[in-house]
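Student: The structure's right below; bear with me while I get my questions together.
The values are calculated or read from the model by the stated rules, or taken from the named source; none is laboratory data. Because the structure is a prediction, the values reported are computed rather than measured. Here the Cβ is made from the backbone with ideal geometry for all residues, glycine too, and neighbour counts use every protein chain on show. These accessible areas exclude ligands, DNA and RNA; they are computed on the full protein's heavy atoms, side chains included. Shrake-Rupley method; radii C 1.70, N 1.55, O 1.52, S 1.80 Å.
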Amino acid sequence: MNQEARHGGSLAFLAVSAVVIALDQLSKYMVERALALSEAVRVLPVLEIMRLHNSGAAFSFLAGAAGWQRWLFTALALIVSVLLVLWLRRMRGTPLLACAVAMILGGALGNVIDRLRLGQVIDFIAVHWGPHYFPPFNIADSSICIGAGLMLLDTWITSRPTTGPAGTAAPK
């Protein structure tokens, strides 16, 4: 049995993307139903669930622009998503990397759905230390960040030398 067959093919990781999209959209739906815009519910001393709308990109980049950014970010995310699917299709025997790519894909598409449906993205996770707030985010944003971290981990794992000093095998 070849490597791809053992892992079900990297396209099987599209199920990870689907789960991310479903969780992202469900959580945003629940926040929309439960909270008014800018309303917050304290969960922990450092965490609030707060309904916010972001017409920009990450960390509200270009949120104050005239509206063209909606289509730019949507087109960019769709182009990147197509490239990620093509990359997944070509992957062989790299489950950690395939999972990372699938998480990034799911996050990108989760936010695209919001941009197409609302013209903006719903953010609701607000982490802070006293009056100092980290920019609000959502499940899709978290998935993109976790996927990027898994990519870095995969790179670190696959780039480690396989031999130790003087050509001896490196310890595992």
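Student: Hand me the list of helices (runs of 4 or more DSSP H) wholly inside region 1-114 holding 3 or more residues that are over 19 Å from the mean Cα position of the chain (by Cα) and modelled with pLDDT under 95.
Tutor: Details: elements: 3-6, 14-34, 68-90.
The helices (runs of 4 or more DSSP H) meeting that bar are 3-6, 68-90.
Student: What single numbered condition from (1) assigned to a helix (DSSP H, G or I); (2) open to solvent by 20 Å² or more (accessible area, probe 1.4 Å) fails to hold for Ile125?
Tutor: (1)
Student: Just to be sure I understand the filter: pairs with C-beta atoms under 9 Å, separated by 6 or more residues or on different chains, first member in region 66-95 and touching a residue at least 12 places away in the same chain (Cβ under 8 Å), second member open to solvent by 100 Å² or more (accessible area, probe 1.4 Å) and among the hydrophobic types (A, V, I, L, M, F, W, C). Which pairs pass?
Tutor: Note: pairs meeting the criteria are Gln69/Phe61.
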